[in-house]
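What follows is a short report on a single structure.
The values are calculated or read from the model by the stated rules, or taken from the named source; none is laboratory data. Everything numeric in this text was worked out from a predicted model, so none of it was measured. Using ideal geometry, Cβ is built from the backbone for each residue, glycine included, and neighbour counts are taken over all protein chains shown.
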């Protein structure tokens with residue numbers, strides 16, 4: 001039985017990834033900065049190397065490195081924390097992987113590409129991040145590259161594009177789909193950025209790709225995302241109609257600074273190297289999100305507008 005250490009296990013991707021791996025026969029040790037006391041869980045801060053020592057004794061075969069300071073806005077506000085965690089913390093995880101002789105699956109971000117016309121290709125497109133989140137993650141990729149070349153680290157880097165889950169936490173810090181659904185369900189207005197377009201990858205497809213990365217022998221960078229690129233305005237309208245919300249709740253705004261308008265990932269490597277193609281369409285995903293939001297609202301788990 002393979003042993004997986006999931007660092008960042010309590011996040012919106014880490015939690016379903018750990019469940020997916022266990023269902024597939026992996027033995028999983030979860031680790032996160034959030035307090036918790038349960039079997040197969042350790043509270044760790046990747047900025048503190050001593051916190052990681054118990055995971056070394058567990059002898060993982062693969063380390064899935066998801067822990068990071070994320071989001072464009074957060075990394076601009078907490079710039080020192082973003083740099084120290086996304087580089088210094090990652091360096092600690094790399095050293096852990098080396099000491100454990102474990103394969104590292106490093107979770108980067110599509111934000112490394114920055115504003116780019118046309119497909120975002122892992123080889124042909126030169127990354128030009130325009131926010132601190134993308135910058136720290138690109139530097140993290142380069143740190144992984146260095147350790148692979150100089151010290152024999154076994155690693156694969158993933159660049160995710162817009163992963164969502166109907167069961168993820170709701171709040172203003174989340175992606176557009178979850179924020180829009182959360183607010184429209186409560187009769188609150190939303191702001192939609194003109195010219196924005198994304199492909200939306202359901203978590204059930206994402207975890208299959210992340211697991212498959214552990215089986216890629218050579219060090220490489222792989223985009224994971226959905227090929228169907230949808231304007232953000234169409235996404236908002238799809239949620240609005242499903243939630244029977246008023247059209248007046250949607251307001252169009254210009255794109256904010258340090259944000260990329262359209263993201264179109266090249267996904268040949270996801271298909272050819274990981275053997276994964278998305279199964280969940282956007283329409284099905286929107287139906288799942290709306291059904292979950294309605295259920296939470298009925299249970300009183302979403303705050304009503306004041």
Legend entry - Residues (buried (at least 18 other Cβ atoms within 10 Å of the Cβ) and closer than 20 Å to residue 291 by Cβ) located in region 231-248: 235, 236, 238, 239, 240, 242, 243, 245
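Matching residues to (1) surrounded by fewer than 19 Cβ atoms within 10 Å (Cβ to Cβ); (2) more than 15 Å from the chain's Cα centre (by Cα):
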site: 132; (1), (2): no, yes
site: 135; (1), (2): no, yes
site: 142; (1), (2): yes, yes
site: 145; (1), (2): yes, yes
site: 150; (1), (2): yes, yes
site: 155; (1), (2): no, yes
site: 160; (1), (2): no, no
site: 168; (1), (2): no, no
Inset, instruction - Could you look through region 75-116, keep only residues that are in contact (Cβ under 8 Å) with a residue 60 or more places away in the chain and surrounded by fewer than 19 Cβ atoms within 10 Å (Cβ to Cβ), and pick out the one that is farthest from residue 220 (Cα to Cα)? - result: 76
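Just one of 203, 224, 178 is more than 18 Å from residue 286 (Cα to Cα), touching a strand residue (DSSP E or B) at 6+ places or on another chain (Cβ under 7 Å) and either surrounded by 21 or more Cβ atoms within 10 Å (Cβ to Cβ) or without any contact (Cβ under 8 Å) to a residue 40 or more places away in the chain (or both); which is it? Break it down into steps so the answer makes sense when it comes.
On the way: 203 fails: more than 18 Å from residue 286 (Cα to Cα); 178 fails: more than 18 Å from residue 286 (Cα to Cα).
Going through 203, 224, 178 in turn, the sole match is 224.
Per-residue answers, yes or no, for (1) exposed (fewer than 15 other Cβ atoms within 10 Å of the Cβ); (2) farther than 25 Å from residue 176 by Cα; (3) touching a helix residue (DSSP H, G or I) at 6+ places or on another chain (Cβ under 7 Å):
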site: 5; (1), (2), (3): no, yes, yes
site: 10; (1), (2), (3): no, no, no
site: 26; (1), (2), (3): no, yes, no
site: 29; (1), (2), (3): no, yes, yes
site: 39; (1), (2), (3): yes, yes, no
site: 51; (1), (2), (3): no, yes, no
Inset, instruction - Go through the residues of region 181-192 one by one and say whether even a single one is touching a strand residue (DSSP E or B) at 6+ places or on another chain (Cβ under 6 Å) and closer than 30 Å to residue 142 by Cα. - result: no
Inset, instruction - Out of 105, 112, report the one residue that is under 30 Å from residue 53 (Cβ atoms) and at pLDDT 95 or above. - result: 105
Legend entry - Lone unmet requirement of (1) surrounded by 14 or more Cβ atoms within 10 Å (Cβ to Cβ); (2) modelled with pLDDT of 95 or more; (3) closer than 28 Å to residue 130 by Cβ for residue 214: (3)
Inset, instruction - Restricting attention to region 122-143, report how many residues are in contact with a strand residue (DSSP E or B) (Cβ under 6 Å, 6 or more places away or on another chain) and either outside any helix (DSSP H, G or I) or without any contact (Cβ under 8 Å) to a residue 60 or more places away in the chain (or both). - result: 1
Legend entry - region 215-265, residues that are touching a helix residue (DSSP H, G or I) at 6+ places or on another chain (Cβ under 8 Å), within 19 Å of residue 137 (Cβ to Cβ) and assigned to a loop (DSSP other than H, G, I, E, B): 219, 220, 225, 258, 259, 260, 263
Inset, instruction - Could you list, in sequence order, all residues of region 144-182 that are in a helix (DSSP H, G or I), over 30 Å from residue 230 (Cβ atoms) and in contact with a helix residue (DSSP H, G or I) (Cβ under 6 Å, 6 or more places away or on another chain)? - result: 147
Inset, instruction - Kindly indicate the residue of region 252-268 that is surrounded by fewer than 20 Cβ atoms within 10 Å (Cβ to Cβ) and modelled with pLDDT of 95 or more and also farthest from the chain's Cα centre (by Cα) among those meeting that condition. - result: 268
